[in-house]
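Here the structure is laid out as structure tokens; the discussion comes afterwards.
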Amino acid sequence: MAEKLIRIENIRASVGEEEILKDVSLQIAPGETHVLMGPNGAGKSTLGNVLMGSPVYQVTSGKIFFGEDEITKESADKRAQRGMFLSFQNPLEVPGLSLDEFIRNALRQKTGKPIKIFQFKKQLAEAMELLGMDESYASRDLNVGFSGGEKKKAEILQLLMLQPEFAILDETDSGLDVDAVRMVSKGIEEYQKRQEGALLIITHSTRILESLKVDYTHIIVKGKIVKTGGPELVDQINENGFEAFL
Amino acid sequence: MENKIQEGMRQDPAINIEGEQDRILLDGVQRELYDFKDEENEADFYRMDEGLTEEIVRAISEEKKDPEWMREFRLKSLELYHQIEVPDWGPPIDGLDMNRIATYVRSRSDMKGSWEEVPEDIKNAFEKLGIPQAERESLAGVGAQYDSELVYHNVREDVAAQGVVYSDLESALTGEYEQMIRDHFMKLVPPTDHKFAALHGAVWSGGSFVYVPKGVKVEIPLQSYFRLNAKGAGQFEHTLIIVEEGADLHFIEGCSAPKYNVANLHAGCVELYVGKNARLRYSTIENWSKNMYNLNTKRAIVEEGGMIEWVSGSFGSHESYLYPTSVLKGDGSHAEFTGVTFAGAGQNLDTGAKMIHIGKNTSSFIDTKSICKSGGISTYRSSVEIRKSAEGAKASVNCGSLMLDSISRSDTVPAADVRTNKADVGHEAKIGRISDEAVFYLMSRGISEAEARAMIVSGFASPVSKELPLEYAAEMNNLIKLEMEGG
């Protein structure tokens, strides 16, 4: 068995008084793609946010490891510098900060080195083309006035540019039309291929998974993982929904 | 292991992993950049007694070899100063005691036209601020004022050859432009305007005179830099700019001073005359030290089809009253004001803009951002006046405030006085805080919390920095970063 990249051990997490994750454990090895499915309110997004270190949630017990290191209490920027990434369900708008400037800053933080502008621009243009994003978006304010689809594409653009070792995609396909889903999946596929990166795809639909290689599927219900299986589990959910697991 | 090394480096402020060399340089220099003091060697400086009396005003006038009308003007202004009350509607200025302000301090050396001849200590002060360097690189002319007098003035030959005049106001006062100065000096901001305009009229010294003849477009900016080094002193420079019909100019003004534990005063005056179809952009980055009372008056009058654009960054001073005014006299004239104000600990900055629409189909646009932090008070104050004659006028006011903590204060005081129903006036105000979610979003890409906040604040202020020449925009972002780190 390959050494695990991410280990989540018996995590409990809450917002204020309300406990949302109730003893979740999960392990992901380098290059693996895991899918996390479940009905609304099951704790899918919470798990993604907790993994990234969102200050909104309090981890009350359990541990998270990245490789050998425990990162349960680490801040989000430190986790990102280790090679973690979260594609947000609702990417935030930051007026006055352009998309390319933002990515350049993030890359600089990650590599600790100056970024060569020419090479950066070239890579950015290529990635944008792959995602079918108009190049004008590069100089626009981060997510400001972007459509839902463009926001998600911008997330995947960051994924491709930052090349993390482990990425969590939180409902990246929700609210997108067919074309946008196709473009976004193409970007994810490229990430799988190029990076051999590990993925945790959080979704409640299966459209995004059609063209992607999936290794494991987990079903989360009421803050607990109730079933883990292979890609066939996705088809099962597709046909029968979550009823069997409730 | 590799990760650990990187983390260690990031925590060391000496190694700023910004990447861009110029930014590192700015970071390294700028901390002490504005705060260095040059001890005044008594023998090298002439300092008028503190306080404000007729004797002092006469002595200044004598010192400056004023023409008689100017001496009379000063004395009349002094009378007005004593008659006019201190404003009671803005930040309190009780801490300002005119009896403890030296209104005139100058180096014993005369103004130079060549940088090499400027006295060493003063030269060093400006070198640290990057002034002559900027001139070599990107300016058409530079004036540098140290305390009360200009120490250096130079304009590029090709610009001068177009008939552009850029000089200190004093020499203009006795030369071929005397009548022009007489016709314009404190006509737009009369000494009767308010107490500190009267003060300015009495003790003004230094500043610049710019004349751009009809149709001349000055392609690169002119800059004046004002440095008040003397402790317990006042700076009262007068900037007079006349841009004739169809001409075009960008003028940049920078100000700074070291911090002392006694009050300093800045009561400058800027008068801008924009001719028919002419265009003037007036940019300011002000970073006075935090013991400064900045009671500055700026006003422009615009003829038919002309345009004034103000770009203003206010970062320094203990207290500021600053409301650049545009008088849209000619039909179809246009004014824009874009400003950012950052009030940190111990600062009370009352800033904004005034628009006066007189001509038909005039238009004005105000876009301001104010930021407050660590107990700072930032007040946005504006007035839009649309006279009965200004049919078809359009005015839009957009002001945003960002409060970085709960001990700071932000107020918005917009006023509009509209005397015709054939006008279109819009106003939008927003007050906000940095969203924790946005900070988390940036952090999730590897950006530190402090950096994330600074990026959001810089973004908020970007309507202003976008309007500035590149090096000034970099300076402004750097000031924001410093303010974010401080306090």
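Can you tell me which of A:Lys224, A:Lys193 is touching a residue at least 60 places away in the same chain (Cβ under 8 Å) and basic (Lys, Arg)? So that I can check it myself, show each step before the final result.
On the way: A:Lys193 fails: touching a residue at least 60 places away in the same chain (Cβ under 8 Å).
Step by step, each of A:Lys224, A:Lys193 is checked, and only A:Lys224 is touching a residue at least 60 places away in the same chain (Cβ under 8 Å) and basic (Lys, Arg).
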Problem set entry | Matching entry among A:Phe85, A:Phe146 (being under 23 Å from A:Ile202 (Cβ atoms) and facing chain B (nearest Cβ under 8 Å)) | A:Phe85
Exercise. Of everything in the stretch A:151-167 that's closer than 18 Å to A:Val35 by Cβ and charged (D, E, K, R), which residue is farthest from the other protein chains (Cβ to nearest Cβ)?
Worked result: A:Lys152
Exercise. Given the conditions (1) of a type outside the set (Asp, Glu); (2) surrounded by 21 or more Cβ atoms within 10 Å (Cβ to Cβ); (3) within 10 Å of chain A (Cβ to nearest Cβ), which single one is not true for B:Ala395?
Worked result: (3)
Exercise. Which of the residues spanning the stretch A:4-19 are in contact (Cβ under 8 Å) with a residue 40 or more places away in the chain and surrounded by fewer than 20 Cβ atoms within 10 Å (Cβ to Cβ)?
Worked result: A:Lys4, A:Arg7, A:Glu9, A:Asn10, A:Arg12, A:Ser14, A:Val15, A:Glu19
For this session: Could you run through the stretch A:124-135 and say how many residues are surrounded by fewer than 16 Cβ atoms within 10 Å (Cβ to Cβ) and part of a helix (DSSP H, G or I)?
Result: 4
Problem set entry | From A:Asp170, A:Asp77, residue being in contact with a Gly (Cβ under 9 Å, 6 or more places away or on another chain), among the acidic types (Asp, Glu), under 29 Å from A:Glu17 (Cα atoms) and within 10 Å of chain B (Cβ to nearest Cβ) | A:Asp77
Problem set entry | All positions within the stretch B:219-248 that are part of a strand (DSSP E or B) and closer than 19 Å to B:Ile181 by Cα | B:Ser224, B:His238, B:Thr239, B:Leu240, B:Ile241, B:Ile242, B:Val243
Problem set entry | Which listed residue is under 17 Å from the mean Cα position of the chain (by Cα) and more than 30 Å from B:Ala473 (Cα to Cα), from A:Gln163, A:Gln158 | A:Gln163
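Looking at the structure I just gave you, is B:Ile377 of a type in the set (A, V, I, L, M), buried (at least 19 other Cβ atoms within 10 Å of the Cβ) and touching a Lys or Arg at 6+ places or on another chain (Cβ under 7 Å)? It would help to see each step written out before you state the result.
Details: of a type in the set (A, V, I, L, M): yes; buried (at least 19 other Cβ atoms within 10 Å of the Cβ): no; touching a Lys or Arg at 6+ places or on another chain (Cβ under 7 Å): yes.
No.
Could you list all residues from the stretch B:321-335 that are within 16 Å of the chain's Cα centre (by Cα) and free of Cβ contacts under 8 Å to residues at least 40 places away in the same chain? Spell out the reasoning first.
We begin by selecting, within the stretch B:321-335, every residue within 16 Å of the chain's Cα centre (by Cα); these are B:321-326.
B:Leu322, B:Thr325, B:Ser326, listed by residue number.
Pick from B:Ala415, B:Ala438: which is among the aliphatic types (A, V, I, L, M) and within 14 Å of chain A (Cβ to nearest Cβ)?
Details: B:Ala415 fails: within 14 Å of chain A (Cβ to nearest Cβ).
One residue alone meets the criteria, B:Ala438.
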Exercise. With (1) touching a residue at least 60 places away in the same chain (Cβ under 8 Å); (2) within 26 Å of B:Gly432 (Cβ to Cβ); (3) assigned to a loop (DSSP other than H, G, I, E, B) as the list, and A:Pro55 as the residue in question, which single condition is left unmet?
Worked result: (1)
Exercise. In this structure, is B:Leu402 within 23 Å of the chain's Cα centre (by Cα) and within 14 Å of another protein chain (Cβ to nearest Cβ)?
Worked result: yes
For this session: For the stretch A:48-64, name all the residues that are within 14 Å of chain B (Cβ to nearest Cβ) and closer than 16 Å to A:Ile168 by Cβ.
Result: A:Gly48, A:Asn49, A:Val50, A:Leu51, A:Met52, A:Gly53, A:Ser54, A:Val56, A:Tyr57
Problem set entry | Residue satisfying all of: in the stretch B:452-464; surrounded by 23 or more Cβ atoms within 10 Å (Cβ to Cβ) and either under 19 Å from the mean Cα position of the chain (by Cα) or within 16 Å of B:Arg281 (Cβ to Cβ) (or both); farthest from the other protein chains (Cβ to nearest Cβ) among these | B:Val464
Problem set entry | Unmet criterion (only one of (1) at pLDDT 95 or above; (2) closer than 29 Å to B:Asp121 by Cβ; (3) polar (S, T, N, Q)) for B:Ser224 | (1)
Exercise. Here is a list of conditions, (1) within 16 Å of the chain's Cα centre (by Cα); (2) within 14 Å of chain B (Cβ to nearest Cβ), and A:Glu189 meets all of them except one; can you say which number that is?
Worked result: (2)
For this session: Can you confirm whether the stretch A:107-119 contains a residue that is within 7 Å of chain B (Cβ to nearest Cβ), surrounded by 21 or more Cβ atoms within 10 Å (Cβ to Cβ), outside any helix (DSSP H, G or I) and aliphatic (A, V, I, L, M)?
Result: no
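Determine which member of the set B:Ile386, B:Ile366 is among the β-branched types (Val, Ile, Thr) and over 21 Å from the mean Cα position of the chain (by Cα).
Working: B:Ile366 fails: over 21 Å from the mean Cα position of the chain (by Cα).
Checking each option against the conditions leaves just B:Ile386.
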For this session: Say whether the condition of being surrounded by 13 or more Cβ atoms within 10 Å (Cβ to Cβ), of a type in the set (Gly, Ala, Ser) and under 15 Å from B:Ser148 (Cα atoms) is met by at least one residue in the stretch B:84-106.
Result: yes
Seminar exercise, completed: Considering residues that are under 19 Å from B:Ile480 (Cβ atoms) and in contact with a His (Cβ under 9 Å, 6 or more places away or on another chain), the number found within the stretch B:390-447 is 1
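Can you spot a residue in the stretch B:99-113 that is over 22 Å from the mean Cα position of the chain (by Cα), part of a helix (DSSP H, G or I) and among the polar types (S, T, N, Q)? Show your work before the answer.
If we filter the stretch B:99-113 for residues that are over 22 Å from the mean Cα position of the chain (by Cα), which is where we start, we get B:99-100, B:107-113.
With the extra rule that they be part of a helix (DSSP H, G or I), the set shrinks to B:99-100.
When the remaining residues are screened for being among the polar types (S, T, N, Q), the result is B:99.
Looking for residues that are over 22 Å from the mean Cα position of the chain (by Cα), part of a helix (DSSP H, G or I) and among the polar types (S, T, N, Q), one finds at least one in the stretch B:99-113, hence yes.
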Seminar exercise, completed: If you go through B:Pro191, B:Pro213, the only one that is out of contact with any Pro (no Cβ under 8 Å at 6 or more places or on another chain), at pLDDT 95 or above and surrounded by 21 or more Cβ atoms within 10 Å (Cβ to Cβ) is B:Pro191
Seminar exercise, completed: Counting only strands (runs of 3 or more DSSP E) wholly inside the stretch A:136-231, the ones holding at least 3 residues that are of a type outside the set (Val, Ile, Thr) are A:166-170, A:198-202, A:224-229
Exercise. For the stretch B:172-213, how many residues meet the condition of being farther than 20 Å from B:Tyr321 by Cα and either among the hydrophobic types (A, V, I, L, M, F, W, C) or assigned to a helix (DSSP H, G or I) (or both)?
Worked result: 14
Seminar exercise, completed: Restricting the stretch B:336-362 to residues that are in contact with an Asp or Glu (Cβ under 8 Å, 6 or more places away or on another chain) and part of a loop (DSSP other than H, G, I, E, B), the one surrounded by the most Cβ atoms within 10 Å (Cβ to Cβ) turns out to be B:Thr362
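The values are calculated or read from the model by the stated rules, or taken from the named source; none is laboratory data. Everything numeric in this text was worked out from a predicted model, so none of it was measured. Every residue, glycine as well, gets a Cβ built from its backbone with ideal geometry; the counts of neighbours run over all protein chains shown.
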